[in-house]
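Just below is one structure, and these are the notes that go with it.
The values are calculated or read from the model by the stated rules, or taken from the named source; none is laboratory data. Just so you know, these numbers come straight off a predicted model, no measurement behind them. Don't worry about glycine lacking a Cβ; one is built from the backbone with ideal geometry, like all the others, and counts go over all protein chains shown. For the accessible areas, the whole protein counts, side chains as well, though only heavy atoms, and no ligand, DNA or RNA atoms are used. Shrake-Rupley method; radii C 1.70, N 1.55, O 1.52, S 1.80 Å.
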Amino acid sequence: MFSETQSLRQLFHKVVADCYSRYTGLRDAELTSYVADILSDFADLDRLYGMRDEQGTPLEEVSRMLEASDPVYGTAPSFIAERTMRKHIGDYSLFHAGMYPEIFRSQDRHEGELYQEIVQAGRSSYYVVSQFNVFEYAAEAELFERLAENFELCVYGLNKVRCEFDRLCLRSGAELAQFEEHAI
């Protein structure tokens, strides 16, 4: 029997693969599967806000996450912890820049400055993760290199995914309203 989570994951995989193929030209099954899994994973807020400070408070600002990920000057206890944190920063930045770019509009900053900082943090974080290319990390290092190289294209693809979800929700809402109207 299918669970709701499996069905949602399948929907994410289909929509991401379709949008990336149609709008970005990226026909990379491993990359689109990874991005779809980010959407599924971040449906759980504990995963979305998985990085925490010393007091256990979720870190929501990428600048604070970057500071914490530094194993020399930050709180990352090892280079392996840095990799884990950088992977999260890349995922978090990609998710927010692609699905919710409007949250980076700020009245006290130059137009687009914060957005560009998030994109740069995501791209550079995936690059750092790609440099862990030995032992158990060797198999996925190439994926993170492609994510870093195509970060802006992945953001654009996710923005198209959001548009598709908005379209699907509007259509579903209209169908529900029509059903309710006939049921009365």
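Highest mean packing first, where packing is the average number of other Cβ atoms within 10 Å per residue, the peptides 127-136, 11-20 line up as 11-20, 127-136. Packing here is the average count of other Cβ atoms within 10 Å per residue, and on that basis the peptides 69-80, 150-161, highest first, run 150-161, 69-80. Each Lys and Arg adds +1 at its Cβ and each Asp and Glu adds -1 at its Cβ; summed about the Cα centre, the chain shows a dipole of about 380 debye. Angle of helix 113-130 to the longest C-alpha principal axis of the chain, folded into 0 to 90 degrees and rounded to 10: 70°.
Remark: the chain carries 60 Å² of accessible area per residue (probe radius 1.4 Å; ligands, DNA and RNA excluded).
Most tightly packed first, judged by the mean number of other beta-carbon atoms within 10 Å of their residues, the peptides 28-40, 81-93 read 81-93, 28-40. Each residue of the range 33-38 is assigned a 3J(HN,Hα), and the resulting list reads 5, 4, 5, 4, 5, 4 Hz, derived from the Karplus form 6.51 cos²θ - 1.76 cosθ + 1.60 (θ = phi - 60°), x at Gly and Pro.
Once backbone amide H atoms are built at 1.01 Å from N, residue 132 has no partners under 5 Å, excluding neighbours fewer than 5 places away on the same chain. Accessible area of the range 1-143 with a 1.4 Å probe: how many percent of it is carbon plus sulfur? The C+S portion of the solvent-accessible surface of the range 1-143 is 53 percent.
Which distance in Å, rounded to a whole number, links the C-alpha centroids of the range 18-52 and the range 71-131? About 15 Å separates the Cα centre of the range 18-52 from the one of the range 71-131.
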